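The values are calculated or read from the model by the stated rules, or taken from the named source; none is laboratory data. Just so it is clear, the model here is predicted, and its values are computed rather than measured. Here the Cβ positions follow ideal geometry from the backbone for every residue, glycine too, while neighbour counts run over all protein chains shown.
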Amino acid sequence: MQRLMSDETHSYVNGTSPILKWAGGKQRLLRQYAPHFPEKSAVHRYFEPFIGGGAVFFHLQYPNSTLSDRNEKLIELYRMVQRDVEGVIDALKPHRNEADYYYQVRSQDPATLTAVERAARIIFLNKTCYNGLYRENQKGIFNVPFGRYSNPKICDERKLRAASHALQGVDLVTGDFDELAKIAEAGDFYYLDPPYAPLNGTSNFTTYSKSGFDEDDQRRLADMVHSLTDKGCFVMLSNSSAELVYDLYQGHGYRFIPIKARRMINSKGDRRGHVKELLILNFDEKN
């Protein structure tokens, strides 16, 4: 287990927040995460293979960052915000919060749109769909119903421009999570936020994309964490407090930090509430 020796205080960039609402997004948990991030001065490169809404990246903005996801539509969105945010803003402005219009946009074939239009479409659907949920069926088709929000902010120009600024110089990659492990070097920091291992038979949500995320993926991820640790990388993993997670990571010298999270996405309001999650670290905090 590594130990961070720097006495430098934590340095974070404020004012940049996610442009998407994402199941399992970490915006509300950053205050609990903050004491556990490695210092910028100790980090060589930053990797985040499950970017999702990107709350941790936008909060920290480590230099030399690479962000990745299996969902090629999501990575394309971030590339368009990175490269042509004004085009994305212009494409978002005509969208409106109406049910019939929503389903018309949802039914569009993305292949008939430009890359900027596809990015704007995802943002629009995310802002106006039920519970702000991104979900795909087995055919890779977005299938969330209309959300009936009274006045969602579909085009947040300030937030989009701030995200574009934060993404400048960032490498955006589509691919499986373990692809980024192949280039790992000592001093790199990997923040891993996979779809969580289910606490029970009805709690799992792994349909962010058509590929899903199952127990075999959780085991492959654990192997990746062990490999990164052997290479001298800093690793921080978010996951549920499921028995499987303890089985995969206990006994390897990792630190388990309990996190009090609020379950925000459930079809029944009375099933939304606080739940114990875990941060798993392979390094010690400084004294």
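There is no residue in region 83-102 that is among the aromatic types (Phe, Trp, Tyr) and closer than 21 Å to Thr16 by Cα.
Among the candidates Arg96, Arg83, Arg70, single out the residue that is at pLDDT 95 or above and surrounded by 15 or more Cβ atoms within 10 Å (Cβ to Cβ). Let's see the steps before the verdict.
On the way: Arg96 fails: surrounded by 15 or more Cβ atoms within 10 Å (Cβ to Cβ); Arg70 fails: at pLDDT 95 or above.
The match here is Arg83.
Are any residues in region 136-151 crowded, with 17+ Cβ neighbours inside 10 Å and part of a loop (DSSP other than H, G, I, E, B), and if so, which ones? Val144, Gly147, listed by residue number.
Residues being hydroxyl-bearing (Ser, Thr, Tyr), on the phi < 0 side of the Ramachandran plot and assigned to a helix (DSSP H, G or I) are represented in region 64-87 by at least one member. Only a single item in (1) within 19 Å of Cys233 (Cα to Cα); (2) out of contact with any helix residue (DSSP H, G or I) (no Cβ under 6 Å at 6 or more places or on another chain); (3) at pLDDT 95 or above; (4) not β-branched (Val, Ile, Thr) is not met by Phe47, and it is number (2).
Answer yes or no: is there a residue in region 128-137 that is at pLDDT 95 or above and of a type outside the set (A, V, I, L, M, F, W, C). Checked against the condition, which is being at pLDDT 95 or above and of a type outside the set (A, V, I, L, M, F, W, C), region 128-137 yields at least one hit.
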